[in-house]
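What follows is a set of notes on a single structure, which appears directly below.
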Number of protein chains: 2
Amino acid sequence: MKDVPHAQAYTVPAVHAHPLDPLSPVELERACGIVKANRPTQRLFIKSCQLREPPKAELVPYLNAERAGTPLPPPARQADVLFFDLADRSLTESIINLDTGSETSEVVEGHHAAHSKDEIMEAREQLFKDPTFLETVAKLNLPPVDVVVAPWPVGADNTSPQPRRIAWILYCRGPSNHPDSNQYAFPLPPVIFWNVWDKRVDSVEWCYTGGEGDAMVHKPLTGKSVIEGMQPGEYLPELNGLPRRELKPLHVTQPQGVSFSVNGNLLEWQKWRFRIGFNAREGPVLHDVTYDGRRVFYRLSLSEMHVPYGDPRPPLHLKQVFDFGDVGLGRAANSLENGCDCLGSMRYFSWADVNSAGRAFTAKNVVCCHEQDNGILWKHTNSPTGRATVVRQRLLVLQTIITVGNYDYIFAWQFDQAGGIHLETRATGILSTSPIDMGKTSPYGTVVSPGVLGTSHQHFISVRIDPSIDGDANTITQDDVVADPWGPENPHGVGFRVSSTPIAQSGWADAAPDQNRVFKIQNRSVINPITMTPVGYKLVPLPSQMRLSQPDAMITSRAPFTQHHVWVTSYKDGELYAAGKYTNQSNGKAGGLETMVARKDNTLDTDVVLWHTFALTHIPRIEDFPVMPVETHTVSLKPNNFFTSNPALDVPLSTQAFNKSTLAECSGCPAKL
Amino acid sequence: MKDVPHAQAYTVPAVHAHPLDPLSPVELERACGIVKANRPTQRLFIKSCQLREPPKAELVPYLNAERAGTPLPPPARQADVLFFDLADRSLTESIINLDTGSETSEVVEGHHAAHSKDEIMEAREQLFKDPTFLETVAKLNLPPVDVVVAPWPVGADNTSPQPRRIAWILYCRGPSNHPDSNQYAFPLPPVIFWNVWDKRVDSVEWCYTGGEGDAMVHKPLTGKSVIEGMQPGEYLPELNGLPRRELKPLHVTQPQGVSFSVNGNLLEWQKWRFRIGFNAREGPVLHDVTYDGRRVFYRLSLSEMHVPYGDPRPPLHLKQVFDFGDVGLGRAANSLENGCDCLGSMRYFSWADVNSAGRAFTAKNVVCCHEQDNGILWKHTNSPTGRATVVRQRLLVLQTIITVGNYDYIFAWQFDQAGGIHLETRATGILSTSPIDMGKTSPYGTVVSPGVLGTSHQHFISVRIDPSIDGDANTITQDDVVADPWGPENPHGVGFRVSSTPIAQSGWADAAPDQNRVFKIQNRSVINPITMTPVGYKLVPLPSQMRLSQPDAMITSRAPFTQHHVWVTSYKDGELYAAGKYTNQSNGKAGGLETMVARKDNTLDTDVVLWHTFALTHIPRIEDFPVMPVETHTVSLKPNNFFTSNPALDVPLSTQAFNKSTLAECSGCPAKL
C-alpha cells in the first residue's frame, strides 16, 4: 500500500457510534468522495466500500475497557474501498482513514473483483442489444415468450484461454410470459460469454443435451423450437392453481414485549451480549460475544460459500461460483417482510451500501431479530415422588436470507439459554437446470421436468470462528472416543475413554463421527474448579462429504478449503476469507486457508481461529422442483466444562400461567382433558 | 403355543373401534380375566397385557378396503398377556382371542420379563426392611438424610454366577432432606443385588472410587461419612435460588382452531392420514401412513433403546439397560401437562394399562398432538423482477416424554407439508453418577460435582421403519456419490455421479457421510413418469459412533443391533424388537436383528423392513449437571422421486394478513420499520 496525497482536508471525525458499527451513509460517501477527489481526472467505478475493522491489538483493549465501564479512545475509523479505473481497467484497493481523511492504496494485480449490481445491470442492457446474442436467440425458434438471462460468475479450468468474468445462462419464460414465470423449467442450450470491458459477446458455447450413453454428443439444431415438449413448472400461486385450504392461522405473540434489548448494534438477551455488524462480503457478523460477562467469541462469521456442479461437460463444468466472494452475502441479502419471512415480534436491522458512483443507499431489513420457542430445554421427573420439573427453551434468532441467482439461503444465528450458539442454514430456491433430450436420463442429475436436468452439485460453507474463551490465548483439541482393550482394568470388555490431542500447529483435520470426534476450544490457563480440566467450548463438525473434484483439478486449487472439515490458523488481521479475498476467476493463487496454514504457525495457547467447512451434496429430487423445500443444517458451539453447572438452571419453570396453552378445537377433539 | 381350555364362554366380541386401536380397559380386564379364570388355583402376577396386532396378511386387505370405502369384516381381536405363576415362578405368554375367548399359551423358558411397577414397588418396600440393607447403610455414616434407592435392571457379563434381575443403586438426599432433592449429587458406594423371589439381598457390592492411576483400588471405609465434601446439586427452583427474571411470555395461539382432525385414533392433517397406536413396550406407534391417498409406511415405531456405560469397574460394568425391553417406552411415559410440556393448541391421547392384578388403569395424556411453526419451508426471489415468494412451514407433532430412572427422553414424530416424516429425540434428565475420591479425575467420565463422577456412556436407539411405498413390495438401495475419474468424459476433473446398490439379501450396512450415503426405499414396479426412476423415500442415517464394547464381550452379544447403523430384514409378523423380545438379563440368545438377518432372506421387491440404529456417545460436560439441557437428534424420511414435483407447492403463501407478526417492543427498538 502506498500513501495517497490528500486532495481535501478532513478535520472532523466521521460520525459513528462504535468502532464495530458498519459504515454510515455519511461515512460511505465520504470514503468514496476521498477516493474520487484524490483522482480528479480519472473515471472511477466503485465496486465496494465497507468498514475496515480495527486491528485486534487495538480493539481488544478497547472492548475490554468498554465492558469494564472505563472507556478508552476509539481506534481509527477506516473504510476499505475497491474500485475500477475505467480508463486503464485497473482495480485498486484503498484504505481511507475517516478520522484524518488520509488514503493508502494499492493496485490489485492478478485478481478480479466480485460482480456488482450496477455492472450486471449495465451488461444486461448491452447484451439484449448485441447482434451475436440476437442471432443466437433467433436460432432457438422459441415461441413468443421473453428470454431470461442469468448472470454467471464463470469459474476457471486449466485450459480456457483467458479470464472471463461474466457469462449469461439463457432461459425463457413459460407460455404465460408472466414476468415471474419460472424460467428454470425452460433452460436453453447456449451460454453467452460476455466481455465486460469491450461490451460485446466473447463467445457462444452450446451445452451438451445428451443423456446416459450419449452425454457428450452434440446434436445440430433441428429447426424446431428447442423447448418443444418442455412443460411449465410454476411456483407462483397465480400461475399454479389454488392453494390447499385447510391450514388455520398460527400466531406467536409476546403481550409483554420481547426479552431482548437493543442499543444501536449492541444486543443483550438472557446473559448474552454481543454486537451485530454487517458488510457487503460477509453479511451479518457477530462481535465480542460474552455470556454473563465472560468472553466467549471475538468474532463469528460466514466466510465463504462455494457451489461446484458435477456435470463435467463444457461449458457447464465452469459452474463453480463462490457466492460470498463472487457476489457477496451482504449484497445478496433480501429485504425481509414482516409476517412473511418472520413470525412473531420482530426487530429489523438495515444496512447502508454504495453504488458504482459512490452514492449510499439503504438495504432495508437485512437482518431480523426475534425470540422463538424451541420446545423443552430440560425436564426431569423424580421417580420417588413423581414430581416433574420442566423448562422450555427460548432462542434468540438473527436471520438473514439471500438470493444468489437461482438459489436462496436462509442463515440464522441462534443463541440459547444454556450457553450454546448455533448457525442454522437452510438451502431453498430453485435448482440450476440445463436442457436434456426428451426421454433421456443422465448420470449428472435428475430429470425434474420434461427435458430439464436438475444438475447434481455441492454447496460448501465455511464458518469462521474466532474464539476468545476467557481471553485470546486458546488451544484447539481433537477429541476422539476410543475403546479400552481387554485387560485387568477392562475385565468385561465394556470400557472406553476420551483420547484428546491438542493441535499444536496450524493445519486441517476431518470430522469422524464413527469416533465421536469433537473439536474443543480450550483456555488451558483457566481450570474449571470442579472438573479440574481447562474451560472450553466444543464444535461437533458436520461430517459431510467433501469435494468430489479431482485433487489436481483447477477447481480444487481454487477452493482448497473444501477438502477438509476443520482448519486451525493463528490469528492475523484481515484473514477472513476461506478461499481468499479475490475469488472471481481465481486460479489457485488467491490465498485462503491452504496458504494460511502453510505458515505452520504455533497454535498452542495463542490467538487461534477455527474454521469449519460443511457441505450439502445435492442430488436433486423431483420434490426439489420447481422450488425446493428447505434442506437444513445446524452447526453448534456449546460450552464444555466452561461453567460450573448447567447454565440454564435458573431459567424459570414452564407453567401454564406463563405459557397459556389451550386445548385444540377440532373435529374429533374432546373439549376436556 | 398350546391351546388352553376355556373356563368361561365368551360370545360377545369385545368393544373396540378399529383393529389397530390399543386395548380398551374392558378388553384389558377381559383378557387378564380369561387368563386367571383358566388357572383358578394359581396365583398369577400379570406382567403386561397389550394388543397383539393382526397378521399383516389380514390387516393390509382390511386397511386397503377401509381406505377405499368398502370395508371388510375386521380381523380377530387378540391380546398378548405375560404373567408369572407365583408358585412355580414360571413366566407364561398367552394369546387371548377376545372375540371367542380362546387362549393359547406358552411357558417362556430361558428368558426374563421386563420390570414392572408393582414388582419394583413391592421390592422397594421389602428392601427398606431388609437387615443386610440396613447394616450396609449404617456403615456409610450418613448425616440425617433419607437414602434413595434407584431400581436397576442389571446387565449381564460372561462370569457372573446367576441372572440377577434387580439391583438397587444407592443415593441420599441433600442436606435439605427435601423429597425432591437431587439424589444424584450424592451417589453412595454400595450396590444391592436383590432376589425378587426370595425377597432378600443376594449380595452387596461396593463401587470402586479411585481416579486416574488408582481407578481399581478399593479403599476401606474410614468411619467418616461417605458423602463428606459432596455438595448439593439441586435443579428444583425452591432449592436453588431465584430464577432469572428477564424472560417475557411467548404465546402460540390458533384463533380459528387447529388444522388437524381426529376420529378416534385416526389423524388427518395436510394430506397425511394415519392411525396412532400405543403399547407398553413401544409407546406410540404410527400405522397405515398415507399421503394424499398413497401408501407410504405400514408401521413406524421406536424398537429399542440401549444405554451401556463405559466404566469397566465391577459392578457398574453391568449398567447396560434396555430401556424399552427392560422397562417399556409406553410404561415409562409421562402424563403431559398443558402449558408445561406442550405450548399452543393441544390434543392429548391417553392410554390404558393393567396392574399386576390384571386391573386396568388409565395413563393420562401420554401423547400430545399439536401444530408448530417451523420457519420457512421454501422461498425464492426472482431476480429479474425482485418478487419474493415465501411459504412458511407447519409441522404436526406427536410428542411423548418418558422417564427411565435418572434419564428423561422426549420423542416427537413430526409430519411436514412436503411429504417428510421426522423422528426427533431429545435426551435430558440427570446423569447417572457414582462416587469418586475428592480431588481425583477419571478416564471414565467427568467430575460434575465434588466427589461425583458423571460416567461416560452411549445411548443407542433403534427405529423400525416398515415401509409400504405404493404397496408392500419394496427394495432398499444403498446410494453413494462417487467422483468420476479423469478421462475424455471428465476433461476438467469436476464430474461425479450416484452409485446405487440394491440390498438383495437381509443384512446390515453402515452410514458413510463422507460418501453422502443415503438409503432409499423404492417400489421398483412404480416408475416416476418424469424422472423415469422408481418411486421412493430416502433415509439419511445419522452417522453416530457405534458400540465401543469389545466384539466378543457379553454386552455386545446382548445388543448386536448397536454394531451397525442400518439393518434390512424381510417382514415377519411379530418381529418388532431390535434386541429381541426378552432383553432383561439376556445372554446373547434373545434373538433380535442379528438373528433375523441370519436367515439371509431375499429383500428385493418384497415386504422389507428398514431398521436404523443411531447413538449418542455421551461424554458428560459439567453443563449437563445437575440436569441436562436437551441433546437433540433428528432422523428424517423424505420423498425421493415419489411425487412429480415439490408436494408443498400448494401450501398458501406466507402473508402478514395470515401471520399477524408485530414489531418488537423493547428498549432500543424503534417503533417503526
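Here is how the numbers come out for the structure above:
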{"quantity": "Single unsatisfied condition, residue A:397 versus (1) open to solvent by less than 10 Å² (accessible area, probe 1.4 Å); (2) more than 27 Å from residue A:278 (Cβ to Cβ)", "calculated": "(2)"}
{"quantity": "Qualifying residue in segment B:126-141 (condition: open to solvent by less than 40 Å² (accessible area, probe 1.4 Å), hydrophobic (A, V, I, L, M, F, W, C), under 25 Å from the mean Cα position of the chain (by Cα) and closer than 30 Å to residue B:317 by Cα)", "calculated": "no"}
{"quantity": "Test: residue B:663 is hydrophobic (A, V, I, L, M, F, W, C), within 12 Å of residue B:419 (Cα to Cα), without any contact (Cβ under 8 Å) to a residue 12 or more places away in the chain and touching a strand residue (DSSP E or B) at 6+ places or on another chain (Cβ under 9 Å)", "calculated": "no"}
{"quantity": "Number of positions in segment B:514-558 that are assigned to a loop (DSSP other than H, G, I, E, B) and either within 30 Å of residue A:509 (Cβ to Cβ) or open to solvent by 30 Å² or more (accessible area, probe 1.4 Å) (or both)", "calculated": "19"}
{"quantity": "Yes/no for residue B:327 being in contact with a Pro (Cβ under 6 Å, 6 or more places away or on another chain) and open to solvent by 10 Å² or more (accessible area, probe 1.4 Å)", "calculated": "no"}
{"quantity": "Residues satisfying the stated conditions in segment B:298-323, i.e. open to solvent by less than 10 Å² (accessible area, probe 1.4 Å), out of contact with any Lys or Arg (no Cβ under 6 Å at 6 or more places or on another chain) and away from chain A (no Cβ under 14 Å)", "calculated": "B:299, B:300, B:302, B:304, B:305, B:322"}
{"quantity": "Some residue of segment A:464-474 being within 30 Å of residue A:151 (Cα to Cα) and facing chain B (nearest Cβ under 9 Å)", "calculated": "no"}
{"quantity": "Counted residues, segment B:402-415 - those being more than 7 Å from every other protein chain (Cβ to nearest Cβ), open to solvent by less than 10 Å² (accessible area, probe 1.4 Å) and more than 15 Å from residue B:342 (Cα to Cα)", "calculated": "2"}
{"quantity": "Failed item, numbered, when residue B:446 is tested on (1) at the interface with chain A (Cβ under 10 Å from one of its Cβ atoms); (2) surrounded by fewer than 24 Cβ atoms within 10 Å (Cβ to Cβ)", "calculated": "(2)"}
{"quantity": "Flag for residue A:270 being within 12 Å of chain B (Cβ to nearest Cβ) and either in contact (Cβ under 8 Å) with a residue 40 or more places away in the chain or within 26 Å of residue A:305 (Cα to Cα) (or both)", "calculated": "yes"}
{"quantity": "So residue B:503, is it open to solvent by 10 Å² or more (accessible area, probe 1.4 Å) and not aromatic (Phe, Trp, Tyr)", "calculated": "yes"}
{"quantity": "Count - residues of segment A:605-647 that are within 16 Å of the chain's Cα centre (by Cα), farther than 29 Å from residue B:625 by Cα and open to solvent by 10 Å² or more (accessible area, probe 1.4 Å)", "calculated": "4"}
{"quantity": "Close pairs from segment B:614-631: first closer than 24 Å to residue B:560 by Cα and at the interface with chain A (Cβ under 7 Å from one of its Cβ atoms), partner open to solvent by less than 10 Å² (accessible area, probe 1.4 Å) and of a type in the set (Gly, Ala, Ser), Cβ under 8 Å, at least 6 apart", "calculated": "B:617/B:456; B:619/B:456"}
{"quantity": "Failed condition for residue B:206, given (1) open to solvent by 60 Å² or more (accessible area, probe 1.4 Å); (2) modelled with pLDDT under 95; (3) more than 31 Å from the chain's Cα centre (by Cα); (4) farther than 30 Å from residue A:649 by Cβ", "calculated": "(2)"}
{"quantity": "Qualifying residue in segment A:16-26 (condition: polar (S, T, N, Q), open to solvent by less than 60 Å² (accessible area, probe 1.4 Å) and at pLDDT below 95)", "calculated": "yes"}
{"quantity": "Selection within segment A:333-342 - touching a residue at least 40 places away in the same chain (Cβ under 8 Å) and open to solvent by 10 Å² or more (accessible area, probe 1.4 Å)", "calculated": "A:333, A:334"}
{"quantity": "Out of A:57, A:79, sole residue that is open to solvent by 40 Å² or more (accessible area, probe 1.4 Å) and of a type outside the set (Phe, Trp, Tyr)", "calculated": "A:57"}
{"quantity": "Hey, residue B:281 open to solvent by 10 Å² or more (accessible area, probe 1.4 Å), within 30 Å of residue B:191 (Cα to Cα) and either in contact (Cβ under 8 Å) with a residue 12 or more places away in the chain or not in a loop (DSSP other than H, G, I, E, B) (or both) or not", "calculated": "yes"}
{"quantity": "Complete set of residues in segment B:487-511 that are part of a loop (DSSP other than H, G, I, E, B) and either facing chain A (nearest Cβ under 9 Å) or basic (Lys, Arg) (or both)", "calculated": "B:488, B:489, B:491, B:492, B:493, B:494, B:495, B:510, B:511"}
{"quantity": "Out of A:364, A:379, sole residue that is assigned by TED's automatic domain parsing to the domain that holds residue A:266 and open to solvent by less than 20 Å² (accessible area, probe 1.4 Å)", "calculated": "A:379"}
{"quantity": "Residue within segment A:498-516 that is touching a Gly at 6+ places or on another chain (Cβ under 8 Å) and farther than 21 Å from residue A:464 by Cβ present", "calculated": "no"}
{"quantity": "Where a residue in segment A:377-396 is free of Cβ contacts under 8 Å to residues at least 60 places away in the same chain and its partner, wherever it lies, is of a type in the set (S, T, N, Q) and part of a loop (DSSP other than H, G, I, E, B), with Cβ under 6 Å and at least six apart", "calculated": "A:381/B:334"}
{"quantity": "Unique residue being of a type in the set (Ser, Thr, Tyr) and farther than 19 Å from residue B:234 by Cα when the list is A:385, A:400", "calculated": "A:400"}
{"quantity": "Out of B:563, B:550, sole residue that is within 7 Å of chain A (Cβ to nearest Cβ) and closer than 30 Å to residue B:160 by Cβ", "calculated": "B:550"}
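Conditions (1) facing another protein chain (nearest Cβ under 10 Å); (2) outside any loop (DSSP other than H, G, I, E, B), marked per residue:
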site	(1), (2)
B:215	yes, no
B:219	no, no
B:229	no, no
B:235	yes, no
B:252	yes, yes
B:256	yes, no
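Residues are listed down the side, and each one gets a yes or a no for (1) under 24 Å from residue A:428 (Cα atoms); (2) facing chain B (nearest Cβ under 7 Å); (3) charged (D, E, K, R):
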residue: A:347; (1), (2), (3): yes, yes, yes
residue: A:353; (1), (2), (3): no, no, yes
residue: A:357; (1), (2), (3): no, no, no
residue: A:360; (1), (2), (3): no, no, no
residue: A:368; (1), (2), (3): yes, no, no
residue: A:371; (1), (2), (3): yes, yes, yes
residue: A:386; (1), (2), (3): no, no, no
residue: A:397; (1), (2), (3): yes, no, no
residue: A:400; (1), (2), (3): yes, no, no
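The values are calculated or read from the model by the stated rules, or taken from the named source; none is laboratory data. Just so you know, these numbers come straight off a predicted model, no measurement behind them. Cβ: placed from backbone, ideal geometry, glycine included. Neighbour counts: every protein chain shown. Side chains are part of the model used for accessible areas, which takes the heavy atoms of the whole protein and leaves out ligands, DNA and RNA. Shrake-Rupley method; radii C 1.70, N 1.55, O 1.52, S 1.80 Å.
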